[in-house]
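Okay, so here's the structure we're looking at.
What follows is calculated from the coordinates using simple rules that are stated; it is not laboratory data. No experiment lies behind these values; they were computed from the predicted model shown. Here the Cβ positions follow ideal geometry from the backbone for every residue, glycine too, while neighbour counts run over all protein chains shown.
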Amino acid sequence: MTSIEFITLDVADPEAAAHFYATAFGLDAELRFRAAQEPSTGFRGYTLSLTVAQPADADAYLDAAVAAGATVLKPAVKSMWGYGGVVQAPDGAIWKVATSAKKNSGPATKRFESLVLLLGVANIGAAKRFYIDHGLPVAKSFGPVYVEFDTGSGPIKLALYKRRALAKDAGVPADGTGSHRLTIGGSETFTDPDGFAWTPASQPVTR
C-alpha cells in the first residue's frame, strides 16, 4: 500500500453531500458517499484539511463552504503557524482550510495544494508502526505528537495526531462514540488499531 485514492464518507443524503463538496471545495474524484447506517455521536476521530497558498484562498474556500451549508467551528484567524479556519460540513465531517502564509501574494483562487486526512489516534507510536508495516513510509515525524506518511502520487495525504489534540485543533470536544463514518480507499482491506477501516480502491461504492 502506497497511496490513498479516495475517501468514502457515510452521509444521510449522498446526492446532497456530493453537491455540497463540489460547490464548497471543488472536490469530486477524491470523495465517495454512501448512505449512513452505523450510529455515531460526537467527535468522529478525524479531520480533513485543505492546504492552500495564501489567506485569501483559505477565505474563498471557507466562505463557499458556509454559503453551501457548513457550520463555522473556528473562524479564520492568523496564528504563529499561518492562517486558517475550521468548518463542519452538513454531513458532520470536520474540515480545516489553512496556509502557512500570513500575507496574500495575489488575487484569491480556489485551488488547494494538498488534501490531508488526519486520524486522531490513542497511541502515535503503535499507529505509526502499524502503518509502516502496511507499506506506508514516514515522510515527517515529530515524536509522540505527529506523523505524516509518504502516500506517493495519491491525491490524499495521511497523517496521525493525538485524538484529544486533534479535537482541540478542530474546536470540538474529544468525546465521541460509534462509527467513524469514514472508509479509506487504498489497496487492501484492514482496520487499524483505532478502528479506521480501509478498503481496496477498486471496490465499487454507491454514490
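A straight Cα-to-Cα reach below 12 Å connects Lys74 with the aspartates and glutamates Asp169, residues fewer than 8 places away in its own chain not being considered.
Between Ala53, Ala122, Ala139, the residue with the greatest mean-square fluctuation in the GNM of the chain (Cα pairs under 10 Å linked by springs) is Ala139.
From a point 7 Å beyond the Cα of Glu188 in the direction of its Cβ, which residues of segment 120-158 have a backbone N at a distance under 17 Å? Correct set: 127-138, 150-152.
From the helices alone, meaning DSSP H stretches of at least four residues, give me the mean residue ellipticity at 222 nm for the chain, per-run term -39500 (n - 2.57), in deg cm²/dmol to the nearest 500. Present the calculation step by step, with values, prior to reporting the outcome.
Numbers: 4 runs with 42 residues, N = 207.
The helix contribution divided over the chain gives -6000 deg cm²/dmol.
Of Thr191, Thr47, Thr23, the residue with the greatest mean-square motion in the GNM of the chain, using alpha carbon springs below 10 Å, is Thr191. Normalised by the number of residues in segment 111-189, the average gap of Cα pairs under 8 Å and 6 or more apart makes the relative contact order 31 percent.
In a reduced charge model with +1 at each Lys and Arg Cβ and -1 at each Asp and Glu Cβ, segment 6-200 shows a dipole moment near 700 debye about its Cα centre.
Give the shape of the chain as rounded, prolate or oblate, defined through the alpha-carbon gyration tensor: a ≥ b ≥ c are the square roots of its eigenvalues, a/c under 1.5 means rounded, and otherwise the shape is prolate if a/b is larger than b/c and oblate if not. Verdict is rounded for the chain. Only lysine pairs 8 or more places apart, or on different chains, with alpha-carbon atoms under 28 angstrom apart are counted in segment 102-207, and they number 19.
Which parts of segment 88-127 would a label at Val138 reach, counting a residue when its backbone N lies under 14 Å from a point 7 Å out along Cα-to-Cβ? The answer is 124-127, whose backbone nitrogens lie closer than 14 Å to the label point.
Look at where the Cα atoms of segment 26-52 and of segment 133-195 average out, and the two centres are 13 Å apart. Ignoring aspartates and glutamates fewer than eight residues from Lys78 along the same chain, the ones with Cα atoms less than 13 angstrom from its Cα are Asp59. Under the classification rounded if a/c is under 1.5, otherwise prolate if a/b is larger than b/c and oblate if not, where does segment 122-199 fall, given a ≥ b ≥ c as square roots of the Cα gyration tensor eigenvalues? Taking the square roots of the gyration eigenvalues as a ≥ b ≥ c, segment 122-199 is oblate.
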